[in-house]
């Protein structure tokens, strides 16, 4: 079985990336990113998302499509976290009040 593996480096705090992936409020915001505004956190520690989707049959007709789709989705997450995620569209970290 094959593994789809993507690793992206996001110039945003770990708590923001986690909230974007692990909360309903976060998941409802970044899949449709707005205009990219640049890297406001440049020079600060980066968050590394190491994503693996295991158990794929390399002969599956959906293998290439799914691999590409995960790359697109993770790029949307990166762009949202690095641009919109720190402004008015920010989401609270788990345990914080909105």
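The values are calculated or read from the model by the stated rules, or taken from the named source; none is laboratory data. Keep in mind the model is a prediction, meaning the values are calculated, not measured. When we count neighbours, we look across all protein chains shown, and the Cβ atoms used for this are built from the backbone with ideal geometry, even at glycine.
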Residue pairs qualifying under the 7 Å Cβ cut-off, at least six apart or on distinct chains, with the first in region 14-43 being at positive phi and assigned to a loop (DSSP other than H, G, I, E, B) and the second being at pLDDT 70 or above and crowded, with 18+ Cβ neighbours inside 10 Å, are 38/83
Quick check on residue 17: is it under 12 Å from the mean Cα position of the chain (by Cα), at pLDDT 85 or above and surrounded by 15 or more Cβ atoms within 10 Å (Cβ to Cβ)? yes
Of (1) more than 12 Å from the chain's Cα centre (by Cα); (2) at pLDDT 85 or above, residue 36 fails just (2)
Counting only residues in region 65-98 that are surrounded by 11 or more Cβ atoms within 10 Å (Cβ to Cβ) and in a loop (DSSP other than H, G, I, E, B), the one modelled with the highest pLDDT is identified as 83
